[in-house]
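Quick notes on the structure that follows.
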Amino acid sequence: MSEEKETTMASAAPAPERRKLRKVRTGLVVSDKMDKTVVVRLERTKMHAKFKKYIRVRMTVKAHDEANSCHAGDQVQIVETRPRSKDKRWRVTKIVKRAEL
């Protein structure tokens, strides 16, 4: 009987992590004209395959801003989240730097 208990305890492996790691990016708020939504421009550099020069790649995404606290020119940190609307797949986590007026 004690052998059976030992085998069942040994087979109980730690549960795998259920939620995958979310992408975190830092970008610049381009527009804050929508309600609870901001448009954020993300920039990264990548090397050109043929010419071996670094080029700047820009992408704009819509992010959810629950408190409407972000304004154009702010630098924000956004995190990937579940789809909130047709275009919104990101959420603002914090404002890194306010825009200078």
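Since every read-out is calculated from the coordinates, none of them should be taken as a lab result. It should be emphasised that the depicted structure is a prediction, and the values quoted were computed from it without experimental measurement. Every residue, glycine among them, receives a Cβ derived from its backbone with ideal geometry; neighbour counts consider all protein chains shown.
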Q: Name the residue farthest towards the positive end of the dipole of the stretch 19-97 from the options 63, 31, 21, assuming +1 on Cβ of Lys and Arg, -1 on Cβ of Asp and Glu, about the Cα centre.
A: 21
Q | Computed Kirkwood radius, in angstrom, where 1/r is averaged over Cα pairs of the stretch 19-97 | A | 13.3 Å
Q.
Just to be sure I follow the rule: in the stretch 19-97, considering lysines 8 or more places apart or on different chains, how many pairs have Cα atoms under 21 Å apart?
A. 23
Q: Provide 36, 62 in ascending order of the number of other Cβ atoms located within 10 Å of each residue's Cβ, fewest first.
A: 36, 62
